[in-house]
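Inspection log for the structure reproduced underneath, given as structure tokens.
The values are calculated or read from the model by the stated rules, or taken from the named source; none is laboratory data. Keep in mind it's a predicted model, so treat the numbers as computed, not measured. Cβ coordinates were reconstructed from backbone atoms using ideal geometry, including for glycine residues, and neighbour counts include every protein chain displayed. Just so you know, the surface numbers come from the protein's heavy atoms only, side chains and all, with ligands and any DNA or RNA stripped out. Shrake-Rupley method; radii C 1.70, N 1.55, O 1.52, S 1.80 Å.
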Amino acid sequence: MQQNTTTYGDAAASPITAPHSGARNINARDTAISPGDIAVGVVIGRASEYFDFFVYAIASVLVFPAVFFPFADRLEGTLYSFAIFALAYIARPIGTVVFMSIQRHFSREIKLTIALFMLGSATVAVAALPTYSRWGEWSIIALAVLRLGQGFSLGGTWDGLPSLLALNAPEHKRGWYAMLGQLGAPAGFIIAAGVFSYLMSELTQDDFLVWGWRFPFYVAFAINVVALFARLRLVSTPDYTHLLDEHQLDPVSPLEVSRKQGSTILLGALAALASYALFHLVTVFPLSWIQLYDTRSMSDFLLVQVMGGGLAIVGVLASGLIADKFGRRNTLGTVAILIALFSGFVPTLMDGGAGGQNTFILLGFLLLGLSYGQAAGAVTSNFLPEFRYTGAALTSDLAWLVGAAFAPLVALGLAANYGLGYVSLYLLSGALGTLAALSVNRALEIRN
């Protein structure tokens, strides 16, 4: 179907195609986009999102219980904070549906710009939010609304780059290119944890709780602005648009995808369950446990987690090599078994003093890197081409909701009331969920 064009300026001006061109003609270039170009866009986009994500996550432990829930004891305040933390994952699928509609009616560039502007605005608003001592219960309501806004806007940041990267990667390097986008998670965590560690070591506790904690949120806003322009520079090129059209990576109705390939969405989310369950059990949960039940310096403990983030990067890189040699699903299944074994040592390590806790963090981050490196799109190839773009986004949303959203809340609640052994069971259930999903997916492929 031929699209209508409108010419602006003099007769020699280039036509602007509506409604789907957006900014595509701004950065037109003659060279073809390589997998490396796509990988850069993926890493930049994901790193900025994860930095934003981890700034809020760390503040949920170190700041929010004191400044928004001073009326509760430390445990209750942290649990309240984790409950608000989970709201973003509930809002994220709703945002995906709404922003997919915006993209269908306007353009990918407009959708991405609105989503990242909303995300940055919600983040900087948290930084400026008055505390409970000034606003009372309204401060808690405002924090919850802003957290919902963060999750809603995250649903619109899906740009299709991971799927495009996987489809354009050389056949024998699919695992390597699949893991590149996953590097954004440990990179974002390292920067966020490093910033908080520095602030806590240089400021008094009063200064940190009054104004110091707000600084990382402003930094997150600035990084989002830079990332927005970096991503728009790539997605606005005609070459990128051609690749998307060639692979049918355009949004379709989420209801249609759910109706026709809902089982693939569910299997994809469950296949990554071990990764997403472990995700918060080595980042957010131990931070809260040490804060509540140990006397260690939180600044020093954050540095241990920064080192863990470095091991996660090593694990992500190694996962690409391993997956290309033995297969992505075999890699995921093997690491899920290792995570299941690791889960049995949670109580011993977390109760084992600084040495045991450091071992838990470092080993946990390494396993996270090995697993998370191949978690994205483990069964995405099962989607029909026309459903791949929307299906991959919905799968990611469901994986975060089921595996990660309530992990800090559940893990801390169970550990505080019944013991760390229940955290082991929680993590074990995630590993078993991954193994079950991979087995079912394999059986379906053989049958078909």
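For the range 88-126, a residue qualifies if it is open to solvent by less than 60 Å² (accessible area, probe 1.4 Å) and in a loop (DSSP other than H, G, I, E, B), and exactly one does: SER107.
Being of a type in the set (Phe, Trp, Tyr), buried (at least 19 other Cβ atoms within 10 Å of the Cβ) and farther than 18 Å from LEU228 by Cβ: is that true of TRP135 here? Against the criterion (of a type in the set (Phe, Trp, Tyr), buried (at least 19 other Cβ atoms within 10 Å of the Cβ) and farther than 18 Å from LEU228 by Cβ), TRP135 does not qualify. In summary, helices (runs of 4 or more DSSP H) completely within the range 299-385 and bearing 2 or more residues that are surrounded by fewer than 16 Cβ atoms within 10 Å (Cβ to Cβ) and not polar (S, T, N, Q) occur at 328-343, 353-372. What are the residues in the range 275-289 that are within 13 Å of PRO408 (Cα to Cα) and either in a helix (DSSP H, G or I) or without any contact (Cβ under 8 Å) to a residue 60 or more places away in the chain (or both), if any? Hits for the range 275-289 are TYR276, ALA277, LEU278, PHE279, HIS280, LEU281, VAL284, PHE285, PRO286, LEU287, SER288, TRP289. If I filter the range 66-82 for residues that are aliphatic (A, V, I, L, M), surrounded by fewer than 19 Cβ atoms within 10 Å (Cβ to Cβ) and farther than 26 Å from GLN305 by Cα, do I get at least one hit? Looking for residues that are aliphatic (A, V, I, L, M), surrounded by fewer than 19 Cβ atoms within 10 Å (Cβ to Cβ) and farther than 26 Å from GLN305 by Cα, one finds at least one in the range 66-82, hence yes. Considering only residues in the range 276-298 that are over 18 Å from the mean Cα position of the chain (by Cα), among the hydrophobic types (A, V, I, L, M, F, W, C) and open to solvent by less than 10 Å² (accessible area, probe 1.4 Å), the one that is farthest from LEU398 (Cα to Cα) turns out to be ILE290.
Just one of the numbered conditions (1) hydroxyl-bearing (Ser, Thr, Tyr); (2) open to solvent by less than 10 Å² (accessible area, probe 1.4 Å); (3) without any contact (Cβ under 8 Å) to a residue 12 or more places away in the chain is not true of SER439: (2).
I'd like to know if the range 201-222 contains one or more residues that are closer than 26 Å to GLY373 by Cα, part of a helix (DSSP H, G or I), at pLDDT below 95 and open to solvent by less than 20 Å² (accessible area, probe 1.4 Å).
yes
Restricting the first member to the range 399-415 and to residues that are at negative phi and free of Cβ contacts under 8 Å to residues at least 24 places away in the same chain, and the second to residues that are outside any helix (DSSP H, G or I) and surrounded by fewer than 20 Cβ atoms within 10 Å (Cβ to Cβ), the beta-carbon pairs closer than 9 Å and six or more apart or on different chains are LEU414/LEU420. Being assigned to a helix (DSSP H, G or I), over 27 Å from LEU394 (Cα atoms) and over 17 Å from the mean Cα position of the chain (by Cα) is a property that ALA59 lacks. The lone criterion from (1) touching a residue at least 60 places away in the same chain (Cβ under 8 Å); (2) under 25 Å from THR204 (Cβ atoms); (3) not in a helix (DSSP H, G or I) left unmet by LEU129 is number (1).
Restricting the range 167-185 to residues that are open to solvent by 30 Å² or more (accessible area, probe 1.4 Å) and touching a Phe, Trp or Tyr at 6+ places or on another chain (Cβ under 9 Å) leaves a set whose member that is modelled with the lowest pLDDT is ASN168.
In the range 370-385, the residue that is nearest to the chain's Cα centre (by Cα) out of those that are at pLDDT 85 or above and not hydrophobic (A, V, I, L, M, F, W, C) is TYR372. Taking residues in the range 423-436 that are more than 12 Å from ALA411 (Cβ to Cβ), and partners anywhere that are surrounded by fewer than 21 Cβ atoms within 10 Å (Cβ to Cβ) and modelled with pLDDT of 95 or more, the pairs with Cβ atoms closer than 6 Å and at least 6 places apart or on different chains are LEU428/ALA340; ALA431/ALA340. ALA142 falls short on exactly one of the conditions (1) under 19 Å from ARG214 (Cα atoms); (2) buried (at least 24 other Cβ atoms within 10 Å of the Cβ), and that condition is (2).
Here is a yes/no grid of residues against (1) of a type outside the set (Lys, Arg); (2) more than 18 Å from ASN358 (Cβ to Cβ):
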site	(1), (2)
ARG296	no, no
ASP300	yes, no
VAL304	yes, no
GLY308	yes, no
LEU311	yes, no
GLY315	yes, no
ASP324	yes, yes
ILE339	yes, yes
VAL346	yes, no
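For the range 223-237, residues that are open to solvent by less than 10 Å² (accessible area, probe 1.4 Å) and not small (Gly, Ala, Ser) total 4. Can you confirm whether THR157 is of a type in the set (Val, Ile, Thr), assigned to a loop (DSSP other than H, G, I, E, B) and under 21 Å from the mean Cα position of the chain (by Cα)? It is true that THR157 is of a type in the set (Val, Ile, Thr), assigned to a loop (DSSP other than H, G, I, E, B) and under 21 Å from the mean Cα position of the chain (by Cα). Hey, does the range 16-35 have a residue that's under 24 Å from GLY188 (Cβ atoms), in contact with a helix residue (DSSP H, G or I) (Cβ under 7 Å, 6 or more places away or on another chain) and modelled with pLDDT under 95? Yes: the range 16-35 contains one or more residues that are under 24 Å from GLY188 (Cβ atoms), in contact with a helix residue (DSSP H, G or I) (Cβ under 7 Å, 6 or more places away or on another chain) and modelled with pLDDT under 95.
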